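These notes concern the structure reproduced below.
The values are calculated or read from the model by the stated rules, or taken from the named source; none is laboratory data. Keep in mind that this is a model prediction, so the values were computed, not measured. Cβ placement follows ideal geometry from the backbone for every residue including glycine, while neighbour counts extend to all protein chains displayed.
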Amino acid sequence: MSVSAYRQARLEGQDVVRTAVLDAAKRLLVEDGPAALTVRSIAAAAGCSTKVIYTLFGGKEGLGEALWTEGFARFERRLRGIPQHDDPLVVLRAGIEAYRDYALAEPEFYRVMFMGALPAYRPGPQAARAAKRTFDILVDGVRAGMEAGVLRGPGAGEIADVLWMGIHGAVSLEISCYFEGDVAAQRYRLLCSSLLAPFLTTDERTTS
């Protein structure tokens with residue numbers, strides 16, 4: 001981020017400065033790896049002083065926490081932005097698509113959140129709660145399907161676990177460039193249908 005961009009962020013308020021610093025940090029993480037995430041290097045990339053980093057985040061550890069929580073905050077906003085629908089399966093499938101959309105739009109944050117991009121970082125209670133809120137959205141979506149009689153299975157949490165395991169694997173491969181473009185999208189849709197199929201009720205299988 002250029003100095004002029006940082007100065008513009010200052011004019012717009014502390015939240016914008018915070019976002020600008022986090023964006024600079026995630027770029028460094030992708031380009032140079034976790035060893036590059038020093039307070040000095042992040043300040044240089046963001047075009048600000050090291051004092052700004054310490055004031056906003058308390059240092060490197062606080063910055064790791066902020067990257068994690070910011071990633072999940074953006075993820076949660078995307079999931080909660082899914083339009084409501086009378087059919088819970090429509091909403092659930094939209095949520096599964098939104099998972100992939102988020103990973104492709106914010107691959108740096110996704111790597112921090114789900115792929116161990118910060119090996120030394122261990123989420124604190126606030127960060128863990130941020131992560132759980134997003135998973136609870138998936139659990140709630142599955143539960144809504146079970147209550148509507150279109151899904152069946154051992155329990156909403158277990159089904160959500162299976163769905164997450166599958167879609168995370170697919171998305172991780174895609175952002176690591178093992179699958180790309182239309183092929184990746186087609187394979188993802190096929191995977192999602194396969195993951196849901198064992199849990200659909202008989203009536204729903206005939207209409208899906």
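For the stretch 55-91, the set of residues classified as within 19 Å of Ala120 (Cβ to Cβ) and without any contact (Cβ under 8 Å) to a residue 60 or more places away in the chain consists of Phe57, Gly58, Gly59, Lys60, Gly62, Leu63, Gly64, Ala66, Leu67, Glu70, Gly71, listed by residue number. Which of the residues spanning the stretch 110-130 are among the aliphatic types (A, V, I, L, M), in a loop (DSSP other than H, G, I, E, B) and surrounded by 14 or more Cβ atoms within 10 Å (Cβ to Cβ)? Hits for the stretch 110-130 are Met115, Ala117, Leu118.
If the requirement is being surrounded by 12 or more Cβ atoms within 10 Å (Cβ to Cβ), closer than 20 Å to Pro83 by Cα and not aromatic (Phe, Trp, Tyr), which of these qualifies: Ala144, Ala185, Ala170? Give the steps one after another, and end with the answer.
Working: Ala185 fails: closer than 20 Å to Pro83 by Cα; Ala170 fails: closer than 20 Å to Pro83 by Cα.
Of Ala144, Ala185, Ala170, the one residue that is surrounded by 12 or more Cβ atoms within 10 Å (Cβ to Cβ), closer than 20 Å to Pro83 by Cα and not aromatic (Phe, Trp, Tyr) is Ala144.
In this structure, Phe75 qualifies as surrounded by 20 or more Cβ atoms within 10 Å (Cβ to Cβ) and either under 15 Å from His168 (Cβ atoms) or outside the structural domain of Thr19 (by TED's automatic domain parsing) (or both).
Scan Ala127, Ala73, Ala98, Ala144 and give me the residue that is within 17 Å of the chain's Cα centre (by Cα), hydrophobic (A, V, I, L, M, F, W, C) and at pLDDT 95 or above. Give the steps one after another, and end with the answer.
On the way: Ala127 fails: at pLDDT 95 or above; Ala73 fails: at pLDDT 95 or above; Ala144 fails: within 17 Å of the chain's Cα centre (by Cα).
Exactly one of Ala127, Ala73, Ala98, Ala144 is within 17 Å of the chain's Cα centre (by Cα), hydrophobic (A, V, I, L, M, F, W, C) and at pLDDT 95 or above, namely Ala98.
Looking at this structure, is Ala103 among the small types (Gly, Ala, Ser), crowded, with 19+ Cβ neighbours inside 10 Å, in contact with a helix residue (DSSP H, G or I) (Cβ under 7 Å, 6 or more places away or on another chain) and assigned to a loop (DSSP other than H, G, I, E, B)? In short, no.
In the stretch 43-68, the residue that is nearest to Ala24 (Cα to Cα) out of those that are surrounded by fewer than 21 Cβ atoms within 10 Å (Cβ to Cβ) and of a type in the set (Val, Ile, Thr) is Thr50.
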